[in-house]
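Some notes on the structure that comes next.
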Amino acid sequence: MNQIADRDRSETRADRSGADDRFAAGRDRLAAADRSGADAGEPDDDQNRSAAEADDGHAADQNRSSAEADRSSADTDRSSADTDRSSADADRSPVDGDLLAITLAITGASGAPYAVRLLQALNTAAVPVRLVVSATGWRLLHEETQIDGEGELRRATGDWSHVKVYDDHDRGATPASGSAPSRGMVVCPCSMGTLASIAQGTTRSLIERAADVTLKERHPLLLVPRETPYSIIHLENMLRVTRAGAVVVPASPGFYHRPAKISDLVDFIVARVLSHLGIEHVLGPRWSGGERS
Ligand SMILES: Cc1cc2nc3c(=O)[nH]c(=O)nc-3n(C[C@H](O)[C@H](O)[C@H](O)COP(=O)(O)O)c2cc1C
């Protein structure tokens, strides 16, 4: 078992280093889009994509062999997940051949603008996204951003050629599987209800199951909760998920960068999320106090 675990760990590292170059290409795309003031899907996409594709052969091979190792070592996990997983088989590849996908879950906490901006940034960076929105997540998107349904979300967030959408009721979809290659998961915003379920491992929805799998596979899990004040239950749940390996990124923007607009506050949080995922970006402030020259 230890040998298998060691092999998995080293191949996961190989996956990540192979993917990082291409994430840097995505970073450049995001910078270019922001510089021109555009949202996403700019004409330079093709140029950057071909640059990213130029070196994908070797890393794609690494990804494939790593995925095979994952599959063979995950047999015990699969017995529970296989019950309703047939719908996932069609799209369990790393998505788009080269980059590892990120699962983005949007739940019903206040903070839908964070989710919209994050999806926009991931799309601009050409990061493959597995998107799951809870029922209350859709409600908050409507309440806080006037976005009604998938079509409007698509129009508000740029190029969707790397986005796949999953139904939160389908616990057999790709994000529910530990053998599907993944760069990690973000729940943004994360309701205290979903946080509690993740803390307890109840897996009663695709979002909860995907978060549970992300933890057990030791992939990055970022939770962006928004509530005030916190009850002791909220605090204990945050401690519990942190101990299990998640990173809690409260939707608590700073003010030291003197935000002038709401979008400055939004970008502050989204920048922290992107940084934790290892996706370089040009959003938000970078503190550089104390420099003497
Ligand atoms: C308008 C509105 C605002 C809400 N704001 C929050 C919030 O900021 N934080 C939170 O934890 N729950 C909030 N809730 C409650 C959650 O939406 C509720 O607990 C829901 O069951 C969460 O389900 P989900 O995690 O599956 O999306 C809000 C609900 C509504 C309708």
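The values are calculated or read from the model by the stated rules, or taken from the named source; none is laboratory data. Just so it is clear, the model here is predicted, and its values are computed rather than measured. Ideal geometry is used to build each Cβ from the backbone, glycine not excepted, and the neighbour counts take in all protein chains shown.
Looking only at region 234-259, count how many residues are of a type in the set (Phe, Trp, Tyr) and in contact (Cβ under 8 Å) with a residue 24 or more places away in the chain.
Pass one, region 234-259, residues of a type in the set (Phe, Trp, Tyr): 255-256.
Still in the running and in contact (Cβ under 8 Å) with a residue 24 or more places away in the chain: 256.
Here the count works out to 1.
Does ALA112 satisfy being in contact with a strand residue (DSSP E or B) (Cβ under 8 Å, 6 or more places away or on another chain), of a type in the set (Gly, Ala, Ser) and at pLDDT 95 or above? Against the criterion (in contact with a strand residue (DSSP E or B) (Cβ under 8 Å, 6 or more places away or on another chain), of a type in the set (Gly, Ala, Ser) and at pLDDT 95 or above), ALA112 qualifies.
Listed by first and then second residue, the pairs with beta-carbon distance under 7 Å, at least 6 apart or on different chains, first residue in region 127-151 and closer than 24 Å to HIS162 by Cβ and modelled with pLDDT of 95 or more, second within 8 Å of the ligand (Cβ to nearest atom) and of a type in the set (Asp, Glu), are VAL132/ASP168; VAL133/ASP168; SER134/ASP168. A single entry from THR214, THR228 fulfils the requirement of being farther than 24 Å from GLY178 by Cα, outside any strand (DSSP E or B) and not small (Gly, Ala, Ser): THR228. Only one of the numbered conditions (1) within 11 Å of the ligand (Cβ to nearest atom); (2) in contact (Cβ under 8 Å) with a residue 12 or more places away in the chain is not met by THR228, and that is (2).
Any idea how many residues of region 172-204 are assigned to a helix (DSSP H, G or I) and within 16 Å of the ligand (Cβ to nearest atom)? It would help to see each step written out before you state the result.
Taking region 172-204 and keeping what is assigned to a helix (DSSP H, G or I), we get 174-176, 192-200.
Applying the additional criterion that residues be within 16 Å of the ligand (Cβ to nearest atom) yields 175-176, 192-200.
Number satisfying all stated conditions: 11.
When HIS219, HIS162, HIS169 are checked against the criterion of being within 12 Å of the ligand (Cβ to nearest atom) and at pLDDT 95 or above, HIS169 stands alone in meeting it. Applying the set (1) under 21 Å from ILE102 (Cβ atoms); (2) within 16 Å of the ligand (Cβ to nearest atom) to MET238 leaves exactly one unmet item: (1).
Yes or no: PRO253 of a type outside the set (A, V, I, L, M), within 16 Å of the ligand (Cβ to nearest atom), under 23 Å from PRO113 (Cα atoms) and within 19 Å of the chain's Cα centre (by Cα)? No; evaluated as a whole, the condition is false for this residue.
Being within 14 Å of the ligand (Cβ to nearest atom), β-branched (Val, Ile, Thr) and not in a helix (DSSP H, G or I) is not true of VAL127. Restricting attention to region 154-171, the residues being under 23 Å from SER275 (Cα atoms) and either among the basic types (Lys, Arg) or assigned to a helix (DSSP H, G or I) (or both) number 2. May I ask you to list the residues in region 133-153 that are within 9 Å of the ligand (Cβ to nearest atom), β-branched (Val, Ile, Thr) and part of a helix (DSSP H, G or I)? Scanning region 133-153 gives a single hit, THR136. Condition test on LEU223, is it under 14 Å from the mean Cα position of the chain (by Cα) and not small (Gly, Ala, Ser)? Against the criterion (under 14 Å from the mean Cα position of the chain (by Cα) and not small (Gly, Ala, Ser)), LEU223 qualifies. If only residues of region 103-124 that are small (Gly, Ala, Ser) and closer than 20 Å to PHE268 by Cα are counted, the one that is farthest from the ligand (Cβ to nearest atom) is ALA121.
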